[in-house]
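I have placed the structure first, in the form of structure tokens, so that the comments after it can refer back to it.
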Amino acid sequence: MKAIRQFLALLRVSLSGLAARRGPVLTILVGVGCAVGVLVSMLAMGSGARRQEMSDVRPDRVVIAGLGQRPLSGSIPRDEAAAVQGFPDIRRDRDGRPIVVMESMIPIDGRRRGTGARIFVPLTGVTPNITEYRPEMRFTAGRMFHPGMRELVASNTCTRLFSGFGIGDERSIRGMAWTVVGHFDLGPESQCTIFADVNTIMSALERNTYSGIEVMLRSAADFPAFRAAVKANPALQLDAIRQRTVVAEEFRPLNALLDFASYFVGAIMAIGGTLGAVNSLYAIVDSRCRELATLRAIGFRPGTIVASTLCESMLLALPGALLGAALAWVFFNGLSASPFGYSFQLAVTPALVFLGVIWALAMGLIGGILPAVRAARVPVTTALRAT
């Protein structure tokens, strides 16, 4: 109990004197605030990217892929694709037809508005029942493509980011002209999406296999039975994978790169902020040298002095963390970014703010160790000479 009373008394004295040490205190606040602000802002890219990736993911959606093949980038024969439609766990539309979407994907050129930078964007050939598979799909201009015609429909995100996707614009794909006939919306966080008739795409590219199949189940609970049925059919060399798993795996390299860049830059800023905190705390300890020696002389334990100095350092880092997180939210939350041709909005979430606070407390702890040890070693003779 005596040690706790000494600790609380020392901490109260230390905090009451902060007004007289504005310079070192502001240095700590600014250093920690900048480090946390940069870290949270950088991590907001990964958070925004993951939020957009999962924006239209549903638990009742399933991707069919060939065994050992990458989902939506493989090779599925037409006869196997036709056999998939006969499984009983698949949801039916109003006309009783199974909601199974055949897909064939190719990259096409996109020219970014303003800069003219050339970026490859995916063109996905789909069956016309894509509107049943994606009920959130709403046309805002034009119409749906007609089967058998060289027609494209583009999401509003494409028209906002890239030129050449207006109604009536023609796109050259493998030397053939394709006309944009419709614009649709998939939500505010959707990615650039372009659809065309899958059979027309495959005919133009001389393909005989689909790159992937997407299925809507009657309910998410039907997935285990559906997957078991697909794998048990000896005529099919296919596997069923949840849509969430496929999307997470597809974007894993991008997320890993964004996280690496965030922590790398954040670590550099944290090192700078920690060094600034060390210097400031040394200045605070030096200004209290006589006071600390007096406390030693009247019986305060060195361990208590170390603990109170470390606690003071961490408490000084806390408002800096909140300041940095607040600035990150004000200036970067909702900001659009387009690294590597992938567009999304930064998202400063409560989890990132919490991580920033933990990051700041760690900076305060590490930065306070050496000054705390120095404070505990102030010679008692210093106080005696002062008196």
Quiz item: So which of 143, 160 is touching a strand residue (DSSP E or B) at 6+ places or on another chain (Cβ under 9 Å) and at negative phi?
Solution: 143
Exercise. Being among the β-branched types (Val, Ile, Thr) and assigned to a helix (DSSP H, G or I) is the filter here, so list the residues in the stretch 184-215 that pass it.
Key: 198, 200, 201
Practice problem: Run residue 67 past the list (1) more than 29 Å from the chain's Cα centre (by Cα); (2) assigned by TED's automatic domain parsing to the domain that holds residue 371; (3) in contact (Cβ under 8 Å) with a residue 12 or more places away in the chain and report the number of the one that doesn't hold. | Solution: (2)
Practice problem: For residues that are at pLDDT 90 or above, out of contact with any Pro (no Cβ under 8 Å at 6 or more places or on another chain) and either within 17 Å of residue 99 (Cα to Cα) or of a type outside the set (D, E, K, R) (or both), tally how many sit in the stretch 135-147. | Solution: 5
Self-check item: So residue 103, is it of a type outside the set (A, V, I, L, M, F, W, C), in a strand (DSSP E or B) and in contact with a Leu (Cβ under 7 Å, 6 or more places away or on another chain)
Solution: yes
Quiz item: Could you list, in sequence order, the residues of the stretch 68-94 that are part of a loop (DSSP other than H, G, I, E, B) and among the charged types (D, E, K, R)?
Solution: 70, 89, 91, 93, 94
Practice problem: Can you confirm whether the stretch 14-34 contains a residue that is among the hydrophobic types (A, V, I, L, M, F, W, C), touching a strand residue (DSSP E or B) at 6+ places or on another chain (Cβ under 8 Å) and modelled with pLDDT of 80 or more? | Solution: no
Self-check item: Some residue of the stretch 178-198 being more than 21 Å from residue 142 (Cα to Cα), loosely packed, with under 15 Cβ neighbours inside 10 Å and either at pLDDT 90 or above or assigned by TED's automatic domain parsing to the domain that holds residue 123 (or both)
Solution: no
Practice problem: Answer yes if at least one residue in the stretch 16-36 is part of a loop (DSSP other than H, G, I, E, B) and in the same structural domain as residue 336 (by TED's automatic domain parsing), and no otherwise. | Solution: yes
Exercise. Taking the residues in the stretch 144-162 that are among the charged types (D, E, K, R) and out of contact with any helix residue (DSSP H, G or I) (no Cβ under 7 Å at 6 or more places or on another chain) as candidates, determine which candidate is farthest from residue 123 (Cα to Cα).
Key: 160
Quiz item: Condition test on residue 132, is it assigned to a strand (DSSP E or B), acidic (Asp, Glu) and crowded, with 20+ Cβ neighbours inside 10 Å?
Solution: no
Quiz prompt | Filtered residues of the stretch 221-246 (kept if farther than 11 Å from residue 61 by Cα, of a type outside the set (A, V, I, L, M, F, W, C) and outside any helix (DSSP H, G or I)) | solution = 233, 234, 237, 239
Quiz item: All but one of (1) at pLDDT 90 or above; (2) surrounded by 13 or more Cβ atoms within 10 Å (Cβ to Cβ) hold for residue 224; which doesn't?
Solution: (2)
Quiz prompt | Residue that is farthest from residue 344 (Cα to Cα) [pool: residues in the stretch 144-191 that are among the polar types (S, T, N, Q) and under 32 Å from the mean Cα position of the chain (by Cα)] | solution = 163
Quiz item: Within the stretch 165-183, is even one residue assigned to a loop (DSSP other than H, G, I, E, B) and in contact with a Cys (Cβ under 9 Å, 6 or more places away or on another chain)?
Solution: yes
Quiz item: Which one of the conditions (1) within 29 Å of residue 67 (Cα to Cα); (2) without any contact (Cβ under 8 Å) to a residue 24 or more places away in the chain does residue 118 fail to meet, given that it meets all the rest?
Solution: (1)
Quiz item: Does the stretch 116-129 contain any residue that is assigned by TED's automatic domain parsing to the domain that holds residue 195, modelled with pLDDT of 85 or more and hydrophobic (A, V, I, L, M, F, W, C)?
Solution: yes
Quiz item: In the list 326, 347, 351, 362, which residue meets the criterion of being in the same structural domain as residue 304 (by TED's automatic domain parsing), assigned to a loop (DSSP other than H, G, I, E, B) and at pLDDT 75 or above?
Solution: 347
Practice problem: Name every residue in the stretch 228-244 that is of a type outside the set (Gly, Ala, Ser) and in contact (Cβ under 8 Å) with a residue 24 or more places away in the chain, in order of residue number. | Solution: 230, 233, 236, 237, 238, 239, 241, 242, 243, 244
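The values are calculated or read from the model by the stated rules, or taken from the named source; none is laboratory data. In this text, all values refer to a predicted model and were calculated from it rather than measured experimentally. Heads up, the Cβs are rebuilt from the backbone with ideal geometry, glycines too, and the neighbour counts pull from every protein chain shown.
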